Amino acid sequence: MKNDDLAYIDENLHIIKERCAEAVTKYRSSNDNVRIMAVTKTVAPEAINHAIELGIDLLGENRVQEYLSKADFYDKSAEVQFIGHLQTNKVKYIINSVSMIQSVDSIKLGQEISRLAVKNGRAMDVLCEVNIGGEESKSGIAPSGLKELIDGLSELEGVRVRGLMTIPPPSDSDIFLGRMKELYDSISSEYKGMDTLSMGMTHDYAEAIRYGSTLVRIGTGLFGARDYSK
Ligand SMILES: *Cc1c(COP(=O)(O)O)cnc(C)c1O
């Protein structure tokens, strides 16, 4: 692929940055920093590397297998975080290549992350994924179980809980973004070391910033519609 063909990414990133800045100006304090993550599922490494050339310094990976098959081709200057549903038996494949696992929703998964982090002489930052809409189809811990999960994770060696992540239901998303803000405010006043609220995707990132997001995860809005046939 020639870089000419990737010019749409330049335009898309420009729009995203502008909308993020606008939302921060409108709803947040001027020194609030909102990080932009590029979500890479189905996206070719050439396009991902082009985004990195344009200044993207954070990639979000959903699927272990796909990530492993593409990682060698990535420009290594960007940080990689895992955001997809993670099976316990796959933690070993990513423990040394990602800086954060955003999708922790069970103590069992936390224990495996802890075991492998200790074994590899490192600590792993994690977020608790919250199923804020109570949707059966989605992973994530129910809000009612969140404190128990954080209490459990806090006792594990090599695991640092940095905050919360969510994918709100597509309809009424601002109601759920608001609930996440309340939940995050209460959790972060109770526990030390919380600094990340990961919410906001292509269709709702400006709203998510309004409700306190510190990290927006953008796929389609940056790289275009996903082609799952490839
Ligand atoms: C795919 C995905 C995104 C990005 O979604 P878009 O709507 O394409 O921006 C964000 N977060 C998670 C967990 C995802 O799986």
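Residue check, Gly178 against (1) exposed (fewer than 15 other Cβ atoms within 10 Å of the Cβ); (2) more than 20 Å from Ile83 (Cβ to Cβ); (3) not basic (Lys, Arg), all met but one. Which one?
Status for Gly178: all satisfied but (1).
Among the numbered criteria (1) within 16 Å of the ligand (Cβ to nearest atom); (2) within 17 Å of Phe73 (Cα to Cα), which single criterion is violated by Pro45?
Status for Pro45: all satisfied but (1).
List, please: which pairs have Cβ atoms under 8 Å, are six or more places apart or on different chains, and start with a residue in the stretch 69-81 that is among the β-branched types (Val, Ile, Thr) and end with one that is in a helix (DSSP H, G or I)?
Listed by first residue and then by second, the contacts come to Val80/Tyr67; Val80/Ala71.
Would you point out which residue out of Lys147, Lys138, Lys119, Lys108 is within 16 Å of the ligand (Cβ to nearest atom) and either surrounded by fewer than 19 Cβ atoms within 10 Å (Cβ to Cβ) or free of Cβ contacts under 8 Å to residues at least 12 places away in the same chain (or both)?
Result: Lys138 is the single residue among Lys147, Lys138, Lys119, Lys108 that is within 16 Å of the ligand (Cβ to nearest atom) and either surrounded by fewer than 19 Cβ atoms within 10 Å (Cβ to Cβ) or free of Cβ contacts under 8 Å to residues at least 12 places away in the same chain (or both).
Only one of these is crowded, with 21+ Cβ neighbours inside 10 Å, in contact (Cβ under 8 Å) with a residue 12 or more places away in the chain and touching a Ser or Thr at 6+ places or on another chain (Cβ under 8 Å): Leu164, Leu156. Name it.
Leu164 is the lone residue from the list that is crowded, with 21+ Cβ neighbours inside 10 Å, in contact (Cβ under 8 Å) with a residue 12 or more places away in the chain and touching a Ser or Thr at 6+ places or on another chain (Cβ under 8 Å).
For residues that are within 13 Å of the ligand (Cβ to nearest atom) and part of a helix (DSSP H, G or I), scanning just the stretch 181-206, find the one that is farthest from the chain's Cα centre (by Cα).
Of everything passing the filter in the stretch 181-206, Ala206 is farthest from the chain's Cα centre (by Cα).
Do we find that Ser173 is in contact with a His (Cβ under 8 Å, 6 or more places away or on another chain) and under 30 Å from Ala47 (Cβ atoms) in this structure?
It is true that Ser173 is in contact with a His (Cβ under 8 Å, 6 or more places away or on another chain) and under 30 Å from Ala47 (Cβ atoms).
State which residue pairs qualify: first residue within 15 Å of Gly221 (Cβ to Cβ) and inside the stretch 188-205, second residue near the ligand (Cβ under 8 Å from one of its atoms) in any location, beta carbons under 6 Å apart, and separation of 6 or more residues or different chains.
Correct list of pairs: Met201/Arg217; Thr202/Ile218; Thr202/Thr220; Thr202/Gly221.
What's the number of the only condition in (1) modelled with pLDDT under 95; (2) under 18 Å from the mean Cα position of the chain (by Cα); (3) more than 28 Å from Pro170 (Cβ to Cβ) that Asn33 fails to meet?
Unmet condition: (3).
Scan (1) more than 18 Å from Ser77 (Cα to Cα); (2) away from the ligand (no atom under 16 Å from the Cβ) for the single condition Asn12 breaks and write down its number.
Among (1) more than 18 Å from Ser77 (Cα to Cα); (2) away from the ligand (no atom under 16 Å from the Cβ), Asn12 violates only (2).
Taking only the stretch 111-136 into account, find how many residues are more than 16 Å from Ile187 (Cβ to Cβ) and either among the aliphatic types (A, V, I, L, M) or touching a strand residue (DSSP E or B) at 6+ places or on another chain (Cβ under 8 Å) (or both).
Residues in the stretch 111-136 being more than 16 Å from Ile187 (Cβ to Cβ) and either among the aliphatic types (A, V, I, L, M) or touching a strand residue (DSSP E or B) at 6+ places or on another chain (Cβ under 8 Å) (or both): 7 in total.
Consider only pairs whose beta carbons are under 9 Å apart and that are at least six residues apart or on different chains; among these, list those whose first residue lies in the stretch 37-56 and is touching a residue at least 12 places away in the same chain (Cβ under 8 Å) and under 9 Å from Gly219 (Cα atoms) and whose second residue is in a loop (DSSP other than H, G, I, E, B) and of a type in the set (Val, Ile, Thr).
Met37/Ile56; Met37/Ile83; Ala38/Ile56; Val39/Ile83; Val39/Thr202
So which residues in the stretch 207-230 are in a helix (DSSP H, G or I) and either away from the ligand (no atom under 16 Å from the Cβ) or more than 14 Å from Asp32 (Cα to Cα) (or both)?
Of everything in the stretch 207-230, those that are in a helix (DSSP H, G or I) and either away from the ligand (no atom under 16 Å from the Cβ) or more than 14 Å from Asp32 (Cα to Cα) (or both) turn out to be Glu207, Arg210, Thr220, Gly221, Leu222, Phe223.
The values are calculated or read from the model by the stated rules, or taken from the named source; none is laboratory data. These numbers were taken from a predicted model, which means no experiment stands behind them. Note that we place each Cβ from the backbone using ideal geometry, even for glycine, and neighbour counts take in every protein chain shown.
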